[in-house]
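Step one of this worksheet: look at the structure below.
The values are calculated or read from the model by the stated rules, or taken from the named source; none is laboratory data. Being a predicted model, the structure only gives us computed values, none of them experimental. Counting neighbours? That spans all protein chains shown, and the Cβs are built from the backbone with ideal geometry, glycine included.
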Amino acid sequence: MSTNVMYFPWIEKMLASRLLSILMLLQTRGRMSAPELADEFEVSVRTIHRDIDQLSAAGIPVYADRGRFGGFQLLGGYRTRLTGLTAPEAETLLMAGLPGPAAEMGIADLLSAARLKLMAAMPAGAQAERIAARFHLDPAGWFRASESVPLLPVVARAVWSERRMRMAYRSGGALQPREVAPLGMVLKGGLWYLVALRGGTIRTYRVASIAEADILEKSFNRPKGFDLAAHWTASSRAFERESYREKAVVRLSPEGRRWIGLLGSHVAQSVNDTARPAKKGWIECEVPLESLSIGIRELMRLGPHVEVLAPETLRVQMAQTLQQMQALYADDLSDRKRSPRKRPARDRD
């Protein structure tokens, strides 16, 4: 009588992956107990013992120490030879990991597995844990959390598979249908951007503004010679230049000059390039602005440490804005003048 046994290839793949990961862990961490390995892979202790038996049967020199502080470890000096990396090369690669963005893209487990294999492949003398303990990458800007990007894994798959994507993109308060050829993704100041080809033009889309995304069966050909990093550098510089359509002449106090970086690096560079001495340590300089209305809001951040000299329209609008602000506190100022706050009496000896 024959017995039909169902065959699941994915089970073998999962087992092989776990066996390799156990080998990598023993190589990088040294002795590990069966309960520790079971917790690491979320399996039973009995499963770990079976895995160790399979590694031994495959010729891997794993031996067990009995007792309370025992565990499994590799025979001294045994190492897998997966790469020809030098110690400095391997240590440098470890600094390229971005756990936060990897989790957003849905590849945190893959990154963790890759890092484990890299650590196992590192030659003797490399200091993996020293790198992890001393360097951490946080791509988000100050006082701002990373955006919620639930469709990031979908966009990433479209980029990786080089297949066209249909999306609903939020622009000007409305959802607009778009079909694009996704060329790459960029993480800038905690924000994800998609660089894509549409209508023969390479465009940039904010991933958080994508409300819907479907990967199509249609593939596409990448533009010949397209370099994502070079394109991003050139396009972002052009975007900065084109965004500043207005210019103002201002006076800055020493304190204002120290805080000018709040208005952006492009503004700070313009101040440095055009600065000329004025009275009492102040300087006169040119400040690029996106628009007059935005310029008022930005310059107000410097408080009494900036004075607008030109254009006259901006100076008048600044004065009007200050008058409106003063009106909000007029009653408080009047009350203070009529009944000045009494100073607390001091104890006398």
For segment 19-34 the number of residues that are surrounded by fewer than 18 Cβ atoms within 10 Å (Cβ to Cβ), closer than 13 Å to residue 52 by Cβ and without any contact (Cβ under 8 Å) to a residue 40 or more places away in the chain is 2
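Residues checked against (1) without any contact (Cβ under 8 Å) to a residue 12 or more places away in the chain; (2) among the acidic types (Asp, Glu); (3) over 30 Å from residue 149 (Cα atoms); (4) not in a helix (DSSP H, G or I):
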site: 202; (1), (2), (3), (4): no, no, no, yes
site: 208; (1), (2), (3), (4): no, no, no, no
site: 218; (1), (2), (3), (4): no, no, no, yes
site: 231; (1), (2), (3), (4): no, no, no, no
site: 247; (1), (2), (3), (4): no, no, yes, yes
site: 250; (1), (2), (3), (4): no, no, yes, yes
site: 261; (1), (2), (3), (4): yes, no, no, no
site: 300; (1), (2), (3), (4): no, no, yes, no
Quick count over segment 243-264, residues being loosely packed, with under 14 Cβ neighbours inside 10 Å, under 15 Å from residue 295 (Cα atoms) and of a type outside the set (A, V, I, L, M, F, W, C), is 2
Residue selected from segment 186-200 under the condition within 17 Å of residue 149 (Cα to Cα) and crowded, with 17+ Cβ neighbours inside 10 Å, by the criterion nearest to the chain's Cα centre (by Cα): 187
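Looking at segment 270-288, can you tell me whether even one residue there is of a type outside the set (Ser, Thr, Tyr), in contact (Cβ under 8 Å) with a residue 40 or more places away in the chain, part of a helix (DSSP H, G or I) and surrounded by 12 or more Cβ atoms within 10 Å (Cβ to Cβ)? Before you say what the answer is, go through the steps one by one.
First pass over segment 270-288, keeping only residues of a type outside the set (Ser, Thr, Tyr): 271-273, 275-288.
From the residues that got through so far, the ones that are in contact (Cβ under 8 Å) with a residue 40 or more places away in the chain too are 287-288.
Subsequent filtering for residues that are part of a helix (DSSP H, G or I) retains none.
For segment 270-288, residues of a type outside the set (Ser, Thr, Tyr), in contact (Cβ under 8 Å) with a residue 40 or more places away in the chain, part of a helix (DSSP H, G or I) and surrounded by 12 or more Cβ atoms within 10 Å (Cβ to Cβ): absent.
Identify, from the list 252, 263, 289, the residue that is touching a His at 6+ places or on another chain (Cβ under 9 Å), under 17 Å from residue 307 (Cα atoms), among the aliphatic types (A, V, I, L, M) and not assigned by TED's automatic domain parsing to the domain that holds residue 165.
Numbers: 263 fails: touching a His at 6+ places or on another chain (Cβ under 9 Å); 289 fails: touching a His at 6+ places or on another chain (Cβ under 9 Å).
Going through 252, 263, 289 in turn, just one is touching a His at 6+ places or on another chain (Cβ under 9 Å), under 17 Å from residue 307 (Cα atoms), among the aliphatic types (A, V, I, L, M) and not assigned by TED's automatic domain parsing to the domain that holds residue 165: 252.
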Look at residue 237 and say whether it is part of a strand (DSSP E or B) and either modelled with pLDDT of 95 or more or loosely packed, with under 12 Cβ neighbours inside 10 Å (or both). no
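Take segment 291-312 and flag every residue that is charged (D, E, K, R), under 11 Å from residue 248 (Cα atoms) and surrounded by 15 or more Cβ atoms within 10 Å (Cβ to Cβ).
Here is the first cut: in segment 291-312, the residues charged (D, E, K, R) are 297-298, 301, 307, 312.
Adding the requirement that they be under 11 Å from residue 248 (Cα atoms) leaves 307, 312.
Result: 307, single match.
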